[in-house]
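Below: the structure, in structure tokens.
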Amino acid sequence: MGKYVNGRYLSGSLVISRRNFSLIYLIFHCFSLLLLPQKGSCIQLYFPNGSISVLPVQGRQQGIILKRIQMPKVKTNSSAKKRFKVTGTGKITHQKSFKRHILTKKSKKRKRNMRMDGEVAQSHVHFVKRLLRLK
């Protein structure tokens, strides 16, 4: 059954206050496929002061992903904390590779330079900091 609101006849419509509009708007847009499956249909919201809002319902809505707010991870990556060290100045260092075996063919100078720690490249710093939970 319909009813009269501010001189308008409303049949099967929803009368809500302005304060609840944003919540209702979000609910209708998220679940519009369940509420009105016909393509091209719409939801009309009538407010007590006489204004109207129309929410369109899209046809097939495939791939809708409702984002949930997730808490950030707290644990540091255990493999990263074994491989990287943060210096006092904030740089991230790592052990150089190729120093474990097959050392007879490498020169003394090359092996000596591999003893020193290397610095993480600027292009990888963001990723390593995320693994170490520094960012």
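I'd like the FRET efficiency for Phe98 and Leu134, computed as 1/(1 + (r/R0)^6) with the beta carbon distance as r and R0 of 30 Å, rounded to 0.05.
0.65
Could you tell me the calculated FRET efficiency between Lys111 and Arg83, based on Cβ-Cβ distance and R0 = 25 angstrom, to the nearest 0.05?
Rounded to the nearest 0.05, the efficiency is 0.80.
Every number here is computed from the coordinates shown, using simple stated rules; none is lab data. Keep in mind that what you see is a predicted model, and the values were worked out from it rather than measured. With ideal geometry, Cβ positions are generated from the backbone for all residues, glycine too; neighbour counts draw on all protein chains shown.
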